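The values are calculated or read from the model by the stated rules, or taken from the named source; none is laboratory data. Quantities reported herein were computed from a predicted structural model and do not represent experimental measurements. Please note: Cβ atoms are built from the backbone with ideal geometry, for glycine as well, and neighbour counts cover all protein chains shown. Ligands, DNA and RNA are excluded from the accessible area calculation, which covers all protein heavy atoms including side chains. Shrake-Rupley method; radii C 1.70, N 1.55, O 1.52, S 1.80 Å.
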Amino acid sequence: MDPERQLAGPTVEADVPVLDLVAVGRVFDADPPVHALRDVDLRVGEGEYVAIVGPSGSGKSTLLNVIGLLDRPTSGDYWLDGVEVSRLSEHARAAVRAERVGFVFQSFHLLPHRSALENVMFGSLYQGISRPARLVRAQHALSQVGLASRAAFSPTRLSGGERQRVAIARALSAAPSVLLCDEPTGNLDTANTTIVLDLLDALVAGGLTVLVITHDANVAARAQRRVGIIDGILQELA
């Protein structure tokens, strides 16, 4: 099978948004209760590039966890690729997360004693596809991020920017509907930040939906849309 087709992601009808959060709330049990998200509405279409900005404690991480199906909203509805996912069983949510959500974190989370290629192959481990198919996906994903020549290198032999690109390739190998990036340049210098942001621009240009959570105004400025969150309340920014 053509690797480009393998990494194209799930097919969604043109008028169905990739993400649609409607009046989503998240309350944590405490005394008094903590309202981490308050009636959040967020609609993101295919191929959009959205930056979510806000100070520490504003609800950014909680929102990422809800969007990434790592946590359930307390109230409201969350539609992913036209499917209401907030009320699915844990098993079903895990399956949807493996098929449709790619994660990129500030700290890379690569296995130091595995090669870059092996690390990328883990991205599609839970999708029920064969090892040869995962190998082809991983090779293509490394090519997408410009690291085909580093496939055999361990993370310890890579620069910080290269390690983050391997982490992005790992997420891409699962052919997700949306790529969620949590402070993806937080551990990078200026030159490597530019390389990673240029890569995200290219992925969006290719039709991938990307959400970046950041406190860096320069990172947020690269996105097509910016939304701000303060005290769990989300609003569009100019």
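At least 3 residues being open to solvent by 20 Å² or more (accessible area, probe 1.4 Å) is the threshold, and among the strands (runs of 3 or more DSSP E) wholly inside region 157-238 those reaching it are 225-230, 233-237.
Each residue in region 37-62 was checked for being more than 21 Å from L197 (Cα to Cα) and at pLDDT 95 or above, and 7 pass.
Taken over region 225-238, the criterion of being touching a residue at least 60 places away in the same chain (Cβ under 8 Å) and out of contact with any Asp or Glu (no Cβ under 6 Å at 6 or more places or on another chain) is satisfied by R225, R226, G228, I229, I230, D231, G232, I233, L234, L237.
Being crowded, with 18+ Cβ neighbours inside 10 Å, aliphatic (A, V, I, L, M) and touching a residue at least 40 places away in the same chain (Cβ under 8 Å) is true of A36.
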